[in-house]
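Readers should treat all values here as calculations from the given coordinates under stated rules, not as data from a laboratory. All values reported here derive from a predicted model rather than from experimental measurement. Because the Cβ atoms are built from the backbone with ideal geometry, glycine has one as well, and the counts that use them run over all protein chains shown.
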Amino acid sequence: MPRRPLILSIAFMLLAAAVGTTSNAHAQDAPARITSPDGRIAFTVWSEQGAPRYAVALDNETVVRASRLGFRFAEGAPLETGLALTGTQTGSHDDTWEQPWGERRLVRDHHNELVASFRYAGNPERGFDLRIRVFDSGVGFRYEVMGDAPHAIIDEMTRFNLPEQSTAWWVPAAGWNRYEYIYEETSLSEVDRAHSPFTARLPDDGPWVAIHEAALHDYSGFYLDQQRGGILDVKLAPGPDGIAVHADANFTTPWRTIQIADAAVGLINSDIILNLNEPNVLGDVSWVEPGKYVGIWWGMHINTQTWGSGPNHGATNENTREMIEFAAENGFDGILVEGWNLGWDGDWFNRQETFSFTEAYPDFDIEALSAYARERGVRLVGHHETSGDLTNYENQMEAGFALYERLGISQVKTGYVADAGDLVRYEADGTPRYEWHYGQYAVNHHLRVLQAAAEHRISINAHEPVKDTGIRRTYPNWISREGARGQEYNAWGVPPNPPEHVPTLAFTRLLSGPMDFTPGIFDLMPRGEDAPSRVQTTLAQQLAHYVTIYSPIQMAADLPDNYLARPDAFQFIRDVPTDWETSIALEGEPGQHIVFARQERGGADWYVGAANGGAARHVGLGLDFLEDGRTYTAQLYLDHPDAHWEHNPYAMMIREMQVTSTDEIEFTLVPGGGAAIRFVAEN
Ligand code: NOJ
Ligand code: CA
């Protein structure tokens, strides 16, 4: 990333020194403090020699040590020194709102609020308010800046100062592969630059913490950059002119969030990110429909089919008709077909102006196929791979969505396959400008796509996206996204996703929102037993992913023949819903294991999914989440005790038993193993 010129920083230092002197008179303003509704979490904010600072504690023990706040701009005085805490306002809030779809229908927003006003000593009209909300499961704060001219932000000074002996789970930031890295588990002191959600556990079995952001609008996404011992600085992805954010004179940042929990699952059972987003602005969104889909997709990833034209072209009339039939017969409502449109021939990665979003290859009759899907009670899922050319997509997306709407297609998977920092957009005179996947331009691009899609009653599932910050609350047509290593890495990744991957995702990436992981591979070694790329889980864990990885749209990603070869296991995928009345993360820790229970929305059945890391373990599953006094038939899909992801991955036991809420079910999770259970309500 470009560094800001030295001359500029010297100018800032001089300016800062000058303003800082004036502020001395206001040193040691009384700190302001706000606690969570249960009183356990405290957020303190103050001005130290004119420099705004905050700290966070749990049960009076420090979680985030004194950390700086503020901004530096390309021009004008920085907002980090010479500031006094001139006033505070407090409030509290408790209500429950309903999601149109989600991991739970009802979400409680219960928090206390403090607005801390920081003003320049010499100019009480200028400065910022820090709006802080403290929930029982953590805190969010954002800046509300008031100025007299637009701001060119070069650096946001927010820090998170954690003990460096904490343990951290993270993926590297600012690398070419966007968010698609294998998670590291290291001492915090070994973190370099890391994306959020960033998860850590404080030393000596201390509390769990996850740092992230909420409501990322018209701003750059941040990553964390470790300074000396444990100090994590917010870094904003810069635009092509070196400016991180072009902001109005008055502007509001996204919320900076710190989730805090005694147990790791507490990070998951927290709705802070959603609660800090604005309510739905789209009105009636009954056209945003959760569901399950299959597709012409995995064949391209395991190299038996191609996106481009030729003898192995996947998106043919014949293949698509077969897939439509398979979907209709097995209860799937969507059929994703990639490689249907002109532009895939040759090397399409990072290529510019290549794709058409309205013209199909001659062997794909989009009109006839959509009509056939309608006849069979299902529909195609659209696909728009941009290969990172934002202008080419923005110029065509309206026509692309209009075509899909006319054909009855209501979901579109988009894609931004380009190296990080290599998204391209063109100025009116044709000059190319390069952007980060998480920079301000890309953030705004995604919003334009969502808004254009909403006009056509279309939902978006973005791959290679900007990270999720809960915007689905405001735009419920952002139905899912990728933003981490998904199943595709098991087709061609060297190495593929390790057994710890999904149990780590649950406590990291998935804290931010739904993921289109594309679970459900049944042929676990599609390239042969000796190939480096393969699925490193048991078959039972592939089933468990439908419960452990939340997404309102879930793919059954494998080839139909592989499902038809194992109809007993396939039954779980046919049964499992994708929209939930409620969800509870029951137990687990990053990389170890994760166990979820979820109740179907609009029904009484419950589902449990357990995904295990590399070490075998025993689970005693208490069923007290079930309704008291009700009998359920539990349909269990469990690892055979002799199973192992590496040498015996298919060994699975399918059992049925009657249970009630007072029972406990015991089972073994083998290395890379899993368990999937459906509880059918009987009375
Ligand atoms: C990457 C996506 O993650 C994958 O699902 C898709 O098949 C390819 N891009 C092509 O668009
Ligand atoms: Ca991808």
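Taken about its Cα centre, the chain carries a charge dipole of about 1420 debye when Lys and Arg each add +1 at the Cβ and Asp and Glu each add -1 at the Cβ.
Dimensions of the chain from C-alpha coordinates, computed as largest minus smallest value along each principal axis and given longest first, are 77, 66, 48 Å. Straight-line cross-link reach from Lys292 at under 25 Å between alpha-carbon atoms covers these lysines, not counting any fewer than eight positions away in the same chain: Lys413, Lys467.
Which net charge results for the neighbourhood of Ala569, defined as the other residues with beta-carbon distances under 15 angstrom from its beta-carbon, given Lys and Arg at +1 and Asp and Glu at -1?
Details: positive: Arg566, Arg574, Arg655, Arg678; negative: Asp523, Asp558, Asp561, Asp568, Asp575, Asp639, Glu656.
Combined, the nearby Lys, Arg, Asp and Glu give -3.
Among Val171, Ser270, Phe160, pick out the residue whose Cα is farthest towards the positive end of the charge dipole of segment 10-275, where Lys and Arg carry +1 and Asp and Glu carry -1 on C-beta, about the Cα centre. Working it through, the farthest residue towards the positive pole turns out to be Phe160.
Give me Glu48, Glu75 ranked fewest to most by other Cβ atoms within 10 Å of their Cβ, as a rough exposure proxy. Intermediate values should be presented prior to the final figure.
Values: Glu48 15, Glu75 11.
If I rank by nearby Cβ atoms, fewest first, I get Glu75, Glu48.
Placing one equal scatterer on every Cα of segment 10-275 and applying the Debye formula, the log10 ratio I(q)/I(0) at q = 0.08, 0.11, 0.17 Å⁻¹ is -0.32, -0.61, -1.46. Spread over its residues, the convex hull of the C-alpha atoms of segment 551-683 is 116 Å³ per residue. In order along segment 279-286, phi translates into HN-Hα couplings of x, 3, 9, 8, x, 5, 10, 5 Hz, rounded to whole numbers, per the Karplus curve 6.51 cos²θ - 1.76 cosθ + 1.60 with θ = phi - 60° and x for Gly and Pro. Along its three principal directions, the equivalent ellipsoid of segment 552-607 from the Cα gyration tensor extends over semi-axes of 24, 17, 10 Å, largest first.
Which whole number in µm²/s is D for segment 235-381 by Stokes-Einstein, with the Kirkwood Rh taken over Cα pairs at 37 °C and 0.692 mPa s?
Details: Rh = 19.7 Å.
Answer from the Stokes-Einstein relation: 167 µm²/s.
Tell me which DSSP H helices of the chain clear both cut-offs, 18 Å or more of axial length from alpha-carbon atoms and a mean Kyte-Doolittle hydropathy of at least 1.6.
6-23
Using only Cα coordinates, the Kirkwood hydrodynamic radius of segment 396-488 works out to 14.1 Å.
About the Cα centre of segment 156-313, what is the dipole size in debye to 20, counting +1 per Lys and Arg Cβ and -1 per Asp and Glu Cβ, all else neutral? Roughly 300 debye, rounded to the nearest 20. Among Tyr546, Tyr361, a tally of other beta-carbon atoms within 10 Å of each Cβ gives an order, fewest to most, of Tyr361, Tyr546. Exposure proxy for Met653, Met323, Met157, Met397: other Cβ atoms within 10 Å of each Cβ, ordered fewest to most, give Met653, Met157, Met397, Met323.
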